[in-house]
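None of the figures in this text is laboratory data; all of them are computed from the coordinates on show. Since the model is a prediction, treat every value here as computed from it, not as a measurement. Every residue, glycine among them, receives a Cβ derived from its backbone with ideal geometry; neighbour counts consider all protein chains shown.
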Amino acid sequence: MQAVQATQFGDPATLELVTDLPDPTPGPGEIAIDVSHSAVGLIDVFFRQGRYKDRPGMPQPPFVPGLEVAGTVRALGDGVVGLTVGEQVVALSAGTGTGGYASVYIAEAALTVSIEGRGIDPALAVSVIPNAAMAHVALTQVAHLAAGERVLVHGALGGLSAGFPGVAKQLGASRVVGTVRPGKLAAAEATKLPYDRIVDSTDLHSALGDEKFDVVIDPVGGALRTQSLDVMIPGSRLVAAGNASDDWDHQVDTNRLWFRSVTVSGYNAGAFLPTHPQVVPAALAAAVEAAAAGLANTDVEVLPFSQAVTAHQRMESRDLDGRIALTPEA
Ligand SMILES: NC(=O)c1ccc[n+]([C@@H]2O[C@H](COP(=O)([O-])OP(=O)(O)OC[C@H]3O[C@@H](n4cnc5c(N)ncnc54)[C@H](OP(=O)(O)O)[C@@H]3O)[C@@H](O)[C@H]2O)c1
């Protein structure tokens, strides 16, 4: 099979296209997928850079990055029911999964969902369904979103964040507001994602005026996390879901949580899903519905595997308003 390998930890040029890897076969509970599109996420960049290399179970070079694929079922492992060969699917990976930038991907059947006949473009499907599923888990299991509540989503156009507004609306949120950095305000104007409003995150308090929220989704971290406490009502919940700001020294003052009577929770799919696998089917189903209903529409640029270096350079330089998906060479 073809694959893009990270040959060592380092810059994007460490990614190389190889064409002679053996085709993998599925084990019990797994399926093989003929990949049409592989999602490119910030986590792939972090893995390639070697940022988490010393944590247990993290991939070591050479490895094939990529956590999410779309394609058709190629083969079923023992015990797999409910999927058929040739069916169009999207698969995600929990934990420290890799292997997505390949023409054949081995997925856990339990983390795979059919999109057959749903009319969802596979490049869009792989870019939004896994993140919308993660949004469903975060909103239902961690934020405990109730109908009528107001949701604020930081880094509104980012990969993970883009999964939130449609799913929040499906779950009955009365209003979903996004925040972006100033350079992304024009893109925010043009987005098809179902935000009611998108504001500049530089000075949250003045951008939002008196508007307050019941739930804040924060994959950005740093100073924005602390500023968020000012726009939360008592009883509200902030979900720390990432650290795109790269501010690893940031601390939350727990006495402010007490005074304001607000909650800060963490959500990491890689940690949560292996211990809560029962939440996955409903999350994947909701994500497919959101995508089919046009509630997760985001721009996706498709590049061939041979341009994986460019894809990672653009992720690193933030030279994109939507998502990038990779596709095997013809
Ligand atoms: N909790 C989970 O299970 C889970 C799942 C997936 C990802 N994540 C984490 O979530 C984070 C985002 O991942 P992603 O794949 O969505 O990345 P992404 O597509 O690159 O999006 C990152 C977003 O954060 C914004 N951002 C970056 N640096 C910022 C800063 N200093 N201040 C304000 N905004 C900033 C970006 O805005 P610009 O476009 O303006 O740069 C972009 O909207 C990462 O930390 C990732 O590890 C967590």
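Worth pointing out:
- At 1.567 mPa s and 4 °C, Stokes diffusion of the stretch 129-218 via Kirkwood alpha-carbon radius, µm² per second: 101 µm²/s
- In the chain, helical runs assigned H by DSSP with n ≥ 4 each contribute -39500 (n - 2.57); averaged across all residues and rounded to the nearest 500, the mean residue ellipticity at 222 nm is -7000 deg cm²/dmol.
- Ellipsoid equivalent to the chain - semi-axes via the Cα gyration tensor, in Å: 33, 21, 18
- Close lysine pairs were tallied over the chain: pairs 8 or more places apart or on different chains with Cα atoms under 23 Å apart number 5.
- Share of alpha-carbon pairs per 10 Å distance bin for the stretch 183-270, given as whole %: 15, 46, 33, 6
- With contacts taken as Cα pairs under 8 Å and at least 6 residues apart, the chain reaches a relative contact order of 20 percent.
- Rel. contact order, % - alpha carbon contacts under 8 angstrom, at least six apart, the stretch 132-271: 22 percent
- For the chain, modelled as a GNM whose springs connect Cα atoms under 10 angstrom apart, the maximal fluctuation among I120, I129, I31 occurs at I120.
- The magnitude of the dipole of the stretch 162-206, with charges of +1 and -1 set on the Cβ of Lys/Arg and Asp/Glu and taken from the Cα centre, is near 160 debye.
- Bridge orientation summary for the chain: considering DSSP beta bridges with both residues in this region, about 50 percent are antiparallel.
- L303/R55 FRET efficiency (R0 25 Å; Cβ-Cβ; nearest 0.05): 0.30
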